[in-house]
Amino acid sequence: MSPRTACAIPLSFLCLPGSASADPVELAASLIGRPYVWGAEGPREFDCSGLTQYVYGEYGIELPRRAINQSQVGDRVGRLQRGDLVFFSTDPGGSVVTHVGIYEGRGVMIDASKRHGKVRRDSLDDDYWVDRFMF
């Protein structure tokens, strides 16, 4: 397996006054179980990039709407940290970013999964994600 890298979003905004949760990962975790709907931007239902855009938007960080465009902002990092975005290609051939999740830590991401029909935790060690991981 190749080393994992991610797109880092600066986390210097932690503990903003008035924020609903202490950090974006905690907010994403509070949305677990919400339905997956393609094109949905929340807060009742989400697709993968709608989830990341919504979560980071709550902290004043604007992300593009689509996963492929989100993959083009921020800086790539060598070691995943809580709150980093992780990108995947679920298309045949695997050359275009089609999925994004928020790294929670300990090899787990939170994502809105079409495959499972809801926002959930997924292991980055799951063969499905290992085979589709991009950066």
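The values are calculated or read from the model by the stated rules, or taken from the named source; none is laboratory data. These numbers were taken from a predicted model, which means no experiment stands behind them. Keep in mind that these areas ignore ligands, DNA and RNA; they rest on the heavy atoms of the full protein, side chains included. Shrake-Rupley method; radii C 1.70, N 1.55, O 1.52, S 1.80 Å.
A few points about this structure:
- Strands (runs of 3 or more DSSP E) wholly inside the range 23-135 containing at least 2 residues that are of a type in the set (Ser, Thr, Tyr): none
- Just one of (1) open to solvent by less than 50 Å² (accessible area, probe 1.4 Å); (2) modelled with pLDDT under 95 fails for Asp111. It is (2).
- Picking from residues in the range 48-96 that are charged (D, E, K, R) and open to solvent by less than 70 Å² (accessible area, probe 1.4 Å), the one that is nearest to Val108 (Cα to Cα) is Asp84.
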